[in-house]
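Quick notes on the structure that follows.
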Amino acid sequence: MKPGRNDPCPCGSGRKYKHCCLPKAEAIAPEEIGWRRVRRATETLGSDLVREAAHHFGEAGLDEAWDEFNRFEGEEPFDPDSPFVTLFFSWFLCSASTKCSNVAADKACGCATCCSVPRST
């Protein structure tokens with residue numbers, strides 16, 4: 001049975017468990033701290049990518065890329081909560097043929113993603 005916080009410490013020191021061995025028992029392993037940081041940094045990655053892609057390429061561009069990504073699976077609308085969204089964005093960043101919606105017919109928007117010519121104002 002696990003000792004309570006205010007119980008005498010089972011190590012025999014005579015101190016309360018909370019002041020003696022509890023901090024060591026609750027300590028997090030250094031490798032777990034690293035994984036927690038990674039998870040915290042990446043947990044919003046999918047929604048961040050959806051927001052930025054929608055801003056940059058527009059909803060139509062995102063839908064077009066989703067259709068191209070799913071061309072063998074049938075017609076389903078883009079779903080940011082899809083379990084495939086991370087895989088989709090890996091493909092999207094490397095392979096999609098979507099053009100930036102910020103581009104006028106004869107001008108480039110100046111973004112690093114799709115343009116090599118700075119946008120003229």
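The values are calculated or read from the model by the stated rules, or taken from the named source; none is laboratory data. Remember, predicted model here, so these are calculated numbers, not experimental data. So basically every Cβ, Gly included, is an ideal-geometry build from the backbone, and we count neighbours across all protein chains shown. Please note that ligands, DNA and RNA were not included when accessible areas were found on the heavy atoms of the full protein model with its side chains. Shrake-Rupley method; radii C 1.70, N 1.55, O 1.52, S 1.80 Å.
What to note about this one:
- Condition check for residue 67: free of Cβ contacts under 8 Å to residues at least 24 places away in the same chain, in a helix (DSSP H, G or I) and open to solvent by 30 Å² or more (accessible area, probe 1.4 Å): yes
- The combined condition, being part of a loop (DSSP other than H, G, I, E, B), open to solvent by less than 50 Å² (accessible area, probe 1.4 Å) and over 30 Å from residue 86 (Cβ atoms), is not fulfilled by residue 14.
- Members of segment 18-58 found to be touching a residue at least 12 places away in the same chain (Cβ under 8 Å), out of contact with any Lys or Arg (no Cβ under 6 Å at 6 or more places or on another chain) and of a type outside the set (Gly, Ala, Ser), listed by number: 21, 22, 45, 49, 50, 56, 57
- Taken over segment 17-33, residues that are in a helix (DSSP H, G or I), over 22 Å from the mean Cα position of the chain (by Cα) and surrounded by fewer than 11 Cβ atoms within 10 Å (Cβ to Cβ) amount to 4.
- Of the residues in segment 34-41, not one is modelled with pLDDT of 80 or more, out of contact with any Cys (no Cβ under 9 Å at 6 or more places or on another chain) and outside any helix (DSSP H, G or I).
- Scan of segment 49-64 for residues that are under 13 Å from residue 85 (Cα atoms) and open to solvent by 70 Å² or more (accessible area, probe 1.4 Å), ordered by number: 51
- Residues of segment 38-48 include at least one that is within 18 Å of the chain's Cα centre (by Cα), within 30 Å of residue 80 (Cβ to Cβ) and of a type in the set (Asp, Glu).
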